[in-house]
Amino acid sequence: MSKENNQNHVVSFANSSILTRMVWAPPRTSCSIASSSKPNSGRTKMSVEWLTDWSCLLNGLRDFIAGCIQAVRDCNTLALTTIICLLLLFAWYCYRVGKDQPRSPFATVNLLIQSSEAKGLQNGFAYCHSRECVRCTHNDGLNQKLYHNLQEYAKRYSWSGMGRIHKGIRDQNRYLNDRPSIQKPEVFFLPDLPTMPYFSRDAQKHDVELLEQNFATILREFEAIYKGFSNCSLPQGWKLNSTPTGEWFTFYLVNQGVCIPSNCKKCPRTYRLLGSLRTFIGNNVFGNACVSVLTPGAVVTEHYGPTNIRIRCHLGLKIPGNCELVVGGEPQCWAEGQCLLFDDSFLHTAFHEGSQEDGPRVIFMVDLWHPNVAAAERQALDFIFAPGR
């Protein structure tokens, strides 16, 4: 057995010597062979050696290449398995993060809006702390950003008619902090506007009459979407708001200046009606249009709206007894088929004290321009407070 081992060692050593000589020896050219002084038999012997050496080298290269291919195959399989595992882990992580965090389908001026006072409960009103809510985001640099937006607007168009907006932005902190407690808009105050809790129907006569003329259409589309309610789930498109007692549901067609396409498809005629209103705020974050439902026993806690540049219009759809709206300490009652106009920058609340047999209180809510905001100011405010700015 030892003799065979010795022979194997000799063969291995010979092969290694041949490979080493083939790799490191300089190539023998035809010129060097021709100039050699050795006889032809020597050249023949060298040719045989060359063939033997090349045969061994090719065999070695073949084994080496086969080993490399196999190694690459093994490496690719391992790498592919690793990549698949990492992708699955990443997908699972994205799913958990998306499930646990609130989604933000669009970026708005909300990233700029609201002072640092809004935490938890403010003015008795529960905030949702959503990045999509015009009242629930905070930024101490709001005034600088608003002034930058105003300057950008003036460069594109004109400073003409911008005096009141410029004054409002310049002194915004003073206006918001020094206002009497009965009226305190939380985001933006435009100075020198007439202030009153309620407005007469003549303030926006055209739009009020148009809404009342389409009362039956709006009511019919509400009844169609309200059929989806059940005891176990909230229908798609509806939002449940925070209330101390009872339940308050809203179904938005336009939410803070942004259309909700899936909801608008369910109420096509009502949505088209919005385009016929002359003073609907549809192009900035202060504009909303929705159906609002209060169940019996529900109370909307007192709170302020975000601005005084709008008046809020409530068209009564279903109004049982014992329902009231209180604005600036003055109570009013809704009426089916009629509009009620008020300034929601005043402290206001709503409640439904009827019985279960009375059913819900339902209104269609639309935000209209304050009648004393000029056309040039409306255009500038749409630019300054545009969704996504």
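Need one value: the accessible area of C264 in square angstrom, 1.4 angstrom probe, rounded to the nearest 10.
10 Å²
Could I have the simple spin-label model distance between E302 and A375, label points 7 Å from Cα toward Cβ, reported in nm to one decimal?
For E302 paired with A375, the spin-label model returns 4.1 nm.
List, in order, the whole-Hz ³J(HN,Hα) value for each residue of the stretch 324-330 obtained from phi through the Karplus relation with A = 6.51, B = -1.76, C = 1.60 and θ = phi - 60°; use x for Gly and Pro.
These are the phi-based 3J(HN,Hα) values: 9, 10, 10, 10, x, x, 9 Hz.
Between L78 and M196, what FRET efficiency comes out of the Förster formula 1/(1 + (r/R0)^6) with R0 = 56 Å and r the beta carbon distance, rounded to 0.05?
The value I calculate is 0.15.
What is the sum of charges around P194, taking Lys and Arg as +1, Asp and Glu as -1, for the other residues whose C-beta is under 14 Å from the C-beta of P194?
-1
How much accessible area does Y304 have with a 1.4 Å probe, in Å² rounded to the nearest 10?
Looks like 10 Å² after rounding.
Please list R312, R62 from largest to smallest accessible area, probe radius 1.4 Å, with all protein chains kept in place.
Ranked from most to least accessible, the order is R62, R312.
With θ taken as phi - 60° and the coefficients 6.51, -1.76 and 1.60, list the Karplus ³J(HN,Hα) couplings across the stretch 340-348 in order, rounded to whole Hz; mark glycine and proline as x.
So the Karplus estimates, Gly and Pro as x, are 10, 10, 8, 9, 7, 6, 7, 4, 8 Hz.
Run the numbers for E247 and R62: contour at 0.36 nm per residue of separation, minus the present Cα-Cα distance, in nm.
Length gained, E247 through R62: 58.6 nm.
Each residue of the stretch 183-192 in turn: what ³J(HN,Hα) in whole Hz from Karplus with 6.51, -1.76, 1.60 and θ = phi - 60°, glycine and Pro shown as x?
Karplus-based 3J(HN,Hα) across the stretch 183-192 equals 9, 9, x, 8, 10, 9, 10, 9, x, 6 Hz.
Can you put Y271, Y198 in order of accessible area, largest first, using a 1.4 Å probe?
Result, largest first: Y271, Y198.
Please identify the trypsin sites (Lys or Arg not before Pro) of the stretch 216-296 that satisfy two criteria: DSSP loop assignment and at most 12 other Cβ atoms within 10 Å. Which are they?
Passing sites in the stretch 216-296 are K227, R278.
The values are calculated or read from the model by the stated rules, or taken from the named source; none is laboratory data. Worth saying up front: this structure is predicted, and the values here are computed from it rather than measured. Every residue, glycine among them, receives a Cβ derived from its backbone with ideal geometry; neighbour counts consider all protein chains shown. Note: accessible area is taken over every heavy atom of the protein model, side chains too, but ligands, DNA and RNA are not part of it. Shrake-Rupley method; radii C 1.70, N 1.55, O 1.52, S 1.80 Å.
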